[in-house]
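None of the figures in this text is laboratory data; all of them are computed from the coordinates on show. Here the structure is a predicted model, which means the values were calculated and not measured. Here the Cβ is made from the backbone with ideal geometry for all residues, glycine too, and neighbour counts use every protein chain on show.
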Amino acid sequence: MATSVLATDGYKFSMAEAGWPLRRETFYYSHRRGGPQHLPVDVRSFLAALWPQALPLDRAYLAEHEYEPGAGTWAAFALHSEVQVDALPKGATFLPGEPVFSLTGPSALISWLEPLLLQLHFRIQVATLALQDRSALEAAVGVATCERERELILETLDAVRQPALPIRIDPDGYRERVRAQAAKLVALVGDPTRLFEVGLRAASCPEQHLIALEGVREAGIDRTSHVLGAQRLGMIPVGTMGHEHVQRYGSDLAAFRAMRERRPQRSSYLLDTFDTLRSGLPTALELIACEPGRGDSIRFDSGDKEAQYRVATAEAQRLGLRPVQILEDSLDAEATARFERLREELGWNPKEQFYGYGGYLVAQPAFSPFTRDRVAAIYKLSQTGPTPTMKFADELARGKWSLPGRPVVLRRHTGQGPASVIAQDKEAIPAGYVRFTGNPERLPPPAEADPKVDLSPGTRALIEALDQKRQEAFVR
């Protein structure tokens with residue numbers, strides 16, 4: 001089995017070209033919140049249906065829209081057998097913060113998988129509620145957005161040995177709910193070309209996302225990060241830079257230069273990987289000042305975005321610059337209205353400010369409560385080549401810091417101490433703990449009401465070393 005090579009976000013192709021597509025890297029999947037969760041799938045079997053396949057028309061489409069991969073990326077896409085999988089077993093109960101699985105392999109390939117792997121959050125939440133509260137599950141999944149979503153629910157119930165449920169599908173109702181949500185945004189900004197959709201990773205499945213895109217398009221929004229969705233619906237694929245790209249280079253300056261100097265298209269500089277105001281913003285403005293006519297943009301993500309926006313606007317005006325400003329991450333209609341007022345207050349032109357929406361357009365209009373944000377599902381780069389790396393984000397968003405290295409889960413089976421320890425692969429295992437890779441029935445979930453997840457000495461040391469390096473860069 002294989003998946004269209006277009007079934008991912010557009011920035012995966014731009015980052016592959018501005019990075020090292022054949023370098024061996026490690027990414028891990030985790031939930032930051034949501035309490036203990038049940039894993040209803042065998043990760044290796046799940047992966048087997050996801051490997052990308054490119055048809056001639058797909059290659060032509062990528063070239064037409066300035067995302068044509070180079071030889072290294074195409075080679076990486078074919079190296080499925082070189083991917084190393086380290087996963088908790090099917091049936092395991094995992095805790096917030098624990099890495100559920102990690103993949104190590106060619107950079108372009110395992111990065112490409114991100115939006116499809118993040119859709120596992122839906123199956124995991126269905127399985128967890130099915131085992132916790134049958135009546136609550138019945139209320140949550142009585143209506144599905146599409147036939148494939150219904151199949152996923154039934155497959156998940158079967159995997160956890162629960163009886164099937166009657167589930168009605170209502171794709172037309174879902175499409176209309178999405179359209180209405182998108183129409184609110186269009187009315188707020190007055191120009192749909194200033195809006196784009198980035199919700200593939202927030203969907204339960206690609207089929208649901210295509211229906212959402214139909215609703216978005218009906219409201220007048222014609223840009224999406226989902227390349228396959230753009231191809232099928234006559235939309236425009238968008239996206240240039242994510243946190244992994246900046247982590248890969250270890251500094252904002254090196255990462256921004258790589259994107260700018262290895263791709264002829266305009267760049268969007270993501271500011272918060274290490275620190276928005278002390279590193280990302282001044283670095284981006286320095287580069288933009290070199291060629292202010294390129295049309296490059298700056299993108300805000302974590303932390304106090306309103307405060308960051310005020311600083312960025314004032315500094316840009318002081319330098320005589322007018323970069324496009326892009327806002328994403330948990331945006332909704334209320335936040336959009338607030339930033340439109342802020343834009344007017346600070347004298348920023350409408351065509352100099354754009355907005356991207358994910359869960360607000362895709363997950364909130366769905367019929368179930370099982371959104372990605374509900375559990376904060378993530379898939380993050382943790383090692384590039386031999387070098388551990390992590391996303392820091394801003395001080396106010398320490399909960400969004402990611403793990404470095406090759407993280408693994410250790411569970412306590414005797415004695416005292418935290419229920420779980422996130423250690424490094426090859427790190428010595430302390431007494432009373434075992435690496436959680438085998439039969440989950442031999443290692444029941446912790447009995448504590450609020451089981452603690454801690455970091456091993458090896459993981460702490462990596463974080464401290466990377467943070468020290470980050471702080472030294474600010475001083476310089």
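Quick rundown of the values:
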| read-out | value |
| --- | --- |
| Part-to-part distance (alpha-carbon centres) for region 413-429 and region 92-109, which is given in Å | 17 Å |
| Packing-based order for 370-378, 211-219, using average beta carbon neighbours within 10 Å, highest first | 211-219, 370-378 |
| Neighbour-count order for LEU117, LEU79, fewest beta carbons within 10 angstrom listed first | LEU79, LEU117 |
| Inter-label distance for VAL453 and THR387, nm, one decimal - labels placed 7 Å from Cα along Cα-to-Cβ | 2.7 nm |
| All lysines inside 22 Å of LYS426 as judged from Cα atoms, apart from same-chain residues fewer than 8 positions distant | LYS380 |
| Protection proxy ranking of 35-44, 163-172, 123-132, 272-281 - average other beta-carbon atoms within 10 Å, highest first | 272-281, 123-132, 35-44, 163-172 |
| Gap separating the Cα centres of region 336-378 and region 135-191, nearest whole Å | 20 Å |
| Debye, to nearest 20: dipole size of the chain, +1 on Lys, Arg Cβ, -1 on Asp, Glu Cβ | 660 debye |
| Share antiparallel - DSSP beta bridges, the chain, percent rounded to 5 | 55 percent |
| Contour minus Cα-Cα distance for GLN132 and LEU188 (0.36 nm per residue) | 16.1 nm |
| Greater than 24 Å apart at Cα, pairs in LYS391/LYS469; LYS12/LYS452; LYS400/LYS452; LYS351/LYS400 | LYS12/LYS452; LYS351/LYS400 |
| Neighbourhood net charge (14 Å Cβ-Cβ; Lys/Arg +1, Asp/Glu -1) for LEU22 | 0 |
